[in-house]
Amino acid sequence: MEIRKVAVIGAGLMGHGIAQVAAQVAGYEVHLKDIKQEFLDKGMDRIKWSLGKLVEKEKLTQKDADAVMERIHPTLDMKTAVGEADIVIEAAPEKLQLKQTLFEAFDEFAPDHAVLTSNTSSISITEIAKTTKQPDKVAGMYFFNPPQLMKLVEIVRGEKTSDVTVEVITIVSQKMRRETVLCHRDRLGFIVNHILVPALLDAIRLVGEGVASLEDIDKAIRLGLN
Ligand SMILES: NC(=O)c1ccc[n+]([C@@H]2O[C@H](COP(=O)([O-])OP(=O)(O)OC[C@H]3O[C@@H](n4cnc5c(N)ncnc54)[C@H](O)[C@@H]3O)[C@@H](O)[C@H]2O)c1
């Protein structure tokens, strides 16, 4: 399946960055959806600013930056956003019910072949997928902040995610010049956060127990673990 059109749902911190990478690095046509014009405007302004920085640093020409902006189509309408999408990347707030409602809408408006992904940090992909008729097409596509700079995408399988869905997300990630890792089960924290969060809690405990100062913990991790 050739991927040409991407829908990004939510133009916030993650969504605007993902939309930029999809349009700039992979050259996809991107529909970017939010719920208010002001949120879309803010997302588009952030993308323009970020592209401007690349032009300033001579990593991108102004002509290419303009072409990227033209490939991103902001919209408030779900049907326009996902109606022709080959892949949907949801980056709306971290609330299960909201995500389930959104996935129900993707199911209704996106083409049958479309792969439906969520950038969720902590919600079960299996639970999100339950509201769709094709849970095999649903998976986690977890970008890191800021998506423009961070090279990793964690692909997260729900209980019913198919191999083809994982393959499509892998191809799309590669086109965005991202590295992927596959999390075989949608357990809390997936891979990176599953390792990171307990370590952060331990650091807080060490401070609380008076074992080391905040500054020394920072220094120890920076110089000891690079
Ligand atoms: N912030 C991070 O560092 C980070 C990192 C990785 C993943 N995530 C995940 O990415 C997702 C988005 O996080 P964020 O930090 O970008 O949040 P954010 O609040 O910055 O952006 C969310 C955007 O979604 C919009 N939105 C709300 N309801 C919507 C709807 N029904 N349809 C379309 N858009 C809607 C909001 O108006 C907002 O612009 C969350 O699931 C979060 O867990 C966040």
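What follows is calculated from the coordinates using simple rules that are stated; it is not laboratory data. These numbers come from a predicted model, not from an experiment. In this analysis, Cβ positions are derived from the backbone assuming ideal geometry, glycine residues included, and neighbour counts consider all displayed protein chains.
Dividing the summed -39500 (n - 2.57) terms of all DSSP H runs of n ≥ 4 by the residue count of the chain sets its mean residue ellipticity at 222 nm at -15000 deg cm²/dmol. With Rh defined as the Kirkwood radius, the inverse of the mean 1/r over Cα pairs, the Rg/Rh of segment 90-194 is 0.93. Amide H to amide H, with H built 1.01 Å from N, residue 158 comes under 5 Å of 140, counting only residues 5 or more places away or on other chains. Each of 176, 141 has some number of other Cβ atoms within 10 Å of its Cβ, and from fewest to most they run 176, 141. Evaluating kT/(6 pi eta Rh) at 20 °C and 1.002 mPa s, with the Kirkwood radius of segment 1-49 over Cα pairs in the Stokes-Einstein relation, gives 200 µm² s⁻¹. For the chain, the longest principal axis of the C-alpha atoms and the axis of helix 37-56 are separated by about 70°. Reported value for segment 5-183: 93 Å³ per residue, from the convex hull of its C-alpha atoms. For the pair residue 2 and residue 152, label points projected 7 Å from Cα toward Cβ lie 3.4 nm apart.
Rg/Rh, computed from the Cα trace of segment 176-226 with Rh as the Kirkwood radius, has the value 1.13.
Any chance you could give the angle, 0 to 90 degrees and rounded to 10, that helix 192-208 forms with the longest Cα principal axis of the chain? Roughly 30 degrees between the two axes. For residue 9, nonlocal amide neighbours, meaning residues 5 or more places apart or on other chains whose placed amide H falls under 5 Å from its own, are 33, 89, 90, 91.
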